[in-house]
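The values are calculated or read from the model by the stated rules, or taken from the named source; none is laboratory data. Since we're looking at a predicted model, the values are computed, not measured. Note that we place each Cβ from the backbone using ideal geometry, even for glycine, and neighbour counts take in every protein chain shown.
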Amino acid sequence: MLPVITLPAPQPPNIILFMVDDMGWQDTSVPFWTKTTPLNATYETPNMARLASQGMVFTQAYASPISSPSRCSLLTGANAARHRVTNWTFRRDQITDEPDSLLSPPEWNCNGICQTPGTPRTFTARSFVDILHEAGYYTIHCGKAHWGAQDTPGESPQHFGFDVNIAGHAAGGPATYLSEQNFGHDAQGRPTGQFATPGLEKYWGTGTFLTEALTQEAIAALNYKHSTLNSQPFFLYLSHYAVHVPIDRDPRYYEHYRSRGLSEKEAAYASLVAGMDKSLGDILDWLERNHLEDNTIVLFMSDNGGYATGTAWRDEPLFTQNAPLRCGKGSLHEGGIREPMIVRWPGVVQPEQRCDSYLLVEDFFPTILEMAGIHSYNVPQTIDGRSFVPLLRGTGDPSRHRQLIWNYPHVWGNRGPAIDMNCAIRSGRWKLIYSYKTRRHQLFDIQEDIGEQHDLSAQCPRLVRRLARDLGRRLRALHAQRPTIQSTGLPAPWPDETL
């Protein structure tokens, strides 16, 4: 009789999620459309191009229009309308809405998400990171968190299952990228404001830009894991504060872009993009040096659209745009929600692939768990996301017959009918945006009109009614919230109640 040979179980893949903050769809030399745009020619992102050449570029990846809703959907798999963290979080029990003369915002979950019950105005859910951790993954968080308000359990990434937290806290942006300003601390080490980035004291005064400091810390955490826990798979969430305001100059790249004719503000923004791209390259280089590139999945994503709506931060001139997309951060037009996304999965995704099917940020939850080989888990929340592994494997299209839903019943920072208090549905080529404030419906054929310049609602009233009905039903099923009319105290009508 021949001996029985037992083969070792395959090693679960390492997984890296590289998240960028406020990065627009065209803030890169990698085209995420059918053609190259002038913006693609403005930026130089060779490492994004490197990653794209090794994997799949997604041309219709969507998120929420604001950071916290996207990040909470990412971590929980729930649609923002369901988890009700529909605006950005910061101070406990305090909303971040700008005032409006006609409507008041709903009582949304301004304290974010938590894994444990008991904190008011939070959504209780289990994160996919906690599930990875339970399955034996070493989990590293580095950079921006922005899942929970100050003085709540959810402000700490370790609450959600991360073994390591580097510089993550309640704030959604940095006070400064400059180590010369101690990343927002005074000479005695005291924060000069609540946006001071914590835990990076060894870089103070060294001339190390924040993006570089986070990259070095991420690599140090990877080195520790690789040298002491070599048999354990890892999950790294490298979540850069870049390219969020303030638009500080990264001195490594600023003069290069000025010499190309960009304005001071444009060159500063381009230098933030370049520093982010360099970080991506450093991570890819680390994988290759340690012979881990063949068993490591790398996902690249942004949390919302580029800052290109209305006037820029502190009334300064705009430093970027999202053309040909309309609007930017805070808007449910394409410029606010369509994101650059790339996935490299050696042995599964062939090089230089493009995917035109759409997906939403909550889809990362079931996808990453499926990538890790985890198919059974217990969570208290309803998972709205759908795994996009079939798109990566070429075995199916989960976007077929699927409708994507957004709900943003708020006023963010910049103002205007393209931004304020809207909800939206994407159904195939069609997209309907409804304003709670004006009660107006706008209909766009995204396939033919990516810039949403031609409102077809008057020409297609039956389609508007159908999509408004679908949107209203989905929002009710998700227990979504809507603003209140100040003059009457009544809720604003649903999108299917005004036709």
- Would it be correct to say that I368 is surrounded by fewer than 21 Cβ atoms within 10 Å (Cβ to Cβ) and hydrophobic (A, V, I, L, M, F, W, C)? no
- Please state which of the following conditions S279 fails to meet, knowing it meets all the rest: (1) of a type outside the set (D, E, K, R); (2) more than 30 Å from R429 (Cβ to Cβ); (3) surrounded by fewer than 16 Cβ atoms within 10 Å (Cβ to Cβ). (3)
- Message: Among the listed residues Y257, Y307, identify the single one that is touching an Asp or Glu at 6+ places or on another chain (Cβ under 8 Å), in a loop (DSSP other than H, G, I, E, B) and surrounded by 19 or more Cβ atoms within 10 Å (Cβ to Cβ).
- Response: Y307
- Message: Within the range 98-144, take every residue that is among the small types (G, A, S) and out of contact with any His (no Cβ under 6 Å at 6 or more places or on another chain) and give me the one that is surrounded by the most Cβ atoms within 10 Å (Cβ to Cβ).
- Response: G112
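Each row is one residue, and each column tells you yes or no for (1) assigned by TED's automatic domain parsing to the domain that holds C142; (2) in contact with a strand residue (DSSP E or B) (Cβ under 8 Å, 6 or more places away or on another chain); (3) under 21 Å from V343 (Cα atoms).
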residue	(1), (2), (3)
P233	yes, yes, yes
Y237	yes, yes, yes
H240	yes, yes, yes
D248	yes, no, no
E266	yes, no, no
K278	yes, no, yes
L287	yes, yes, yes
H291	yes, no, yes
- Task: Can you run down the residue pairs with Cβ atoms below 7 Å, 6 or more apart or on separate chains, where the first is in the range 446-469 and under 20 Å from Y358 (Cβ atoms) and the partner is of a type in the set (V, I, T)?
- Result: L467/I425
- Message: Take S104 and tell me if it is touching a Pro at 6+ places or on another chain (Cβ under 7 Å), at pLDDT 95 or above and under 23 Å from I368 (Cβ atoms).
- Response: no
- Item | Candidates D420, D496, D455 - the one that is modelled with pLDDT of 95 or more, outside the structural domain of S73 (by TED's automatic domain parsing) and either of a type in the set (F, W, Y) or closer than 25 Å to N304 by Cβ (or both) | D455
- Query: What single numbered condition from (1) over 24 Å from S101 (Cα atoms); (2) buried (at least 21 other Cβ atoms within 10 Å of the Cβ) fails to hold for P495?
  - Reply: (1)
- Message: Could you go through the range 200-220 and let me know if any residue there is assigned to a strand (DSSP E or B), at pLDDT 95 or above and not β-branched (V, I, T).
- Response: no
